[in-house]
1. When both residues are 6+ apart or on different chains and their Cβ atoms are under 7 Å apart, which pairs have a first residue that lies in the stretch A:11-32 and is within 24 Å of A:Asn54 (Cβ to Cβ) and away from every other protein chain (no Cβ under 14 Å), and a second that is in a helix (DSSP H, G or I) and near DNA strand C (Cβ under 10 Å from one of its atoms)?
2. In the list B:Ile76, B:Ile108, B:Ile98, which residue meets the criterion of being under 30 Å from A:Phe128 (Cβ atoms), touching a Leu at 6+ places or on another chain (Cβ under 8 Å) and more than 12 Å from chain A (Cβ to nearest Cβ)?
3. Return only the number of the condition from (1) away from DNA strand D (no atom under 16 Å from the Cβ); (2) within 20 Å of the chain's Cα centre (by Cα) that A:Tyr65 does not satisfy.
4. Mind listing whichever residues of the stretch B:107-163 are among the basic types (Lys, Arg) and over 24 Å from the mean Cα position of the chain (by Cα)?
Number of protein chains: 2
Amino acid sequence: MTEVNNTNAIVEMLERHLAAKGMRRTPERFKILEQVLCMPKEFVIEDLNKAMANNSFMVSQSTLYNTVDLFVDAGILRRIIIDDGPSHYVKEDGVNYIHLVCDECGKIKLLKDLNFMAYMNARKFPAFTTRDYNFTVYGICNDCARRIKREQREAKAAKKKNH
Amino acid sequence: MTEVNNTNAIVEMLERHLAAKGMRRTPERFKILEQVLCMPKEFVIEDLNKAMANNSFMVSQSTLYNTVDLFVDAGILRRIIIDDGPSHYVKEDGVNYIHLVCDECGKIKLLKDLNFMAYMNARKFPAFTTRDYNFTVYGICNDCARRIKREQREAKAAKKKNH
DNA sequence: TTTACTGCAAATATTTTGCAATATC
DNA sequence: GATATTGCAAAATATTTGCAGTAAA
């Protein structure tokens, strides 16, 4: 896992990967990377597609999927599969985040836990060689918890009024 | 999470859940449960479907999906989403297993780690109330590692022979 | 008798693939 | 000029849904 700090370093990562694999330097690949760098830390393909369209640089679905795969191979993105919806992509920064997924709003919070990472880096499993791991926690975020409580309070009040 | 030990206890779990929710005791539900009890600890819908067919008790896809969902609600099964393929289901036994997924053969090994469970039960996350968690480790199982090594050795030997 | 449940077929959502046209090397 | 890459449309995969008929309560 490489620590990635700035735009140039990431573009160079792509350049090196393309060179190493004998792949071509197409405008699509660099434009998509440019857009990825402007995205939030975690996003889905659809977000990326819309962002490309907003910046008047449409590419086909196949190119978008292929290119994002390429970025995963190049160590620029990390793919995480959290639920039965679309894959999520996290910009690689050397941190393997814990994913806090809210059952209510579906939002994903990324939690950096260096202790847990250190534990995992040291940890061995029987008859198995680790490449990567994914730790996802499901529950309710405080925003939704508050909203639900308020809604319950309001529903109760409305019921009382009707009697 | 309820500790589940035997067939009768699980059938009773279903009975109780149906009664509590005012749902009907259909033959499909009990037949599917019977089959689930004969499945390995971890399976996918397709496996279950085939097993039902082998035992000459076909149900429709919708019923199978609905019923497995029902079993998840009843605490009989746990759904885990591991890759971009189908959902996996694990028979609930009060243990939240670590999932070791082999990149090569796709097989999933369930690893019971009571220390990790205790750690997770105690662990709190900021602004978040935990309901469940899923810990998946990706890598290469020893069987595949050995196979790959052997194949590489054989490929080398074949190359040498051709020269 | 009421309506929850089943099964069928069609819809949905996400991703992959085959192939002709294009652009990089 | 050779072929990797793109874009389009269609296919593949997994699951959900609408609805008419059936059966549990």
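No value in this document is a laboratory result; all are computed from the given coordinates. Remember, predicted model here, so these are calculated numbers, not experimental data. Don't worry about glycine lacking a Cβ; one is built from the backbone with ideal geometry, like all the others, and counts go over all protein chains shown.
1. Once the first residue is within 24 Å of A:Asn54 (Cβ to Cβ) and away from every other protein chain (no Cβ under 14 Å) and sits in the stretch A:11-32, its partners that are in a helix (DSSP H, G or I) and near DNA strand C (Cβ under 10 Å from one of its atoms) give A:Leu14/A:Arg29; A:Glu28/A:Thr63; A:Ile32/A:Leu64.
2. Working: B:Ile108 fails: more than 12 Å from chain A (Cβ to nearest Cβ); B:Ile98 fails: more than 12 Å from chain A (Cβ to nearest Cβ).
Exactly one of B:Ile76, B:Ile108, B:Ile98 is under 30 Å from A:Phe128 (Cβ atoms), touching a Leu at 6+ places or on another chain (Cβ under 8 Å) and more than 12 Å from chain A (Cβ to nearest Cβ), namely B:Ile76.
3. (1)
4. Our first condition is that a residue be among the basic types (Lys, Arg); within the stretch B:107-163, this holds for B:107, B:109, B:112, B:123-124, B:131, B:146-147, B:149-150, B:153, B:156, B:159-161.
Of everything in the stretch B:107-163, those that are among the basic types (Lys, Arg) and over 24 Å from the mean Cα position of the chain (by Cα) turn out to be B:Arg123, B:Lys124, B:Arg146, B:Arg147, B:Lys149, B:Arg150, B:Arg153, B:Lys156, B:Lys159, B:Lys160, B:Lys161.
Results for (1) away from DNA strand D (no atom under 16 Å from the Cβ); (2) more than 27 Å from A:Ile82 (Cβ to Cβ); (3) not acidic (Asp, Glu), shown as yes or no for each residue.
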| site | (1), (2), (3) |
| --- | --- |
| A:Thr7 | yes, yes, yes |
| A:Ile10 | yes, no, yes |
| A:Leu14 | no, no, yes |
| A:Ala19 | no, yes, yes |
| A:Pro27 | no, yes, yes |
| A:Glu34 | no, no, no |
| A:Pro40 | yes, no, yes |
| A:Phe57 | no, yes, yes |
| A:Ser60 | no, no, yes |
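For (1) more than 8 Å from every other protein chain (Cβ to nearest Cβ); (2) in contact with a strand residue (DSSP E or B) (Cβ under 9 Å, 6 or more places away or on another chain), each residue gets a yes or a no:
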site	(1), (2)
B:Lys112	yes, yes
B:Met117	yes, no
B:Phe128	no, yes
B:Asp132	no, yes
B:Phe135	no, yes
B:Gly139	no, yes
B:Arg150	yes, no
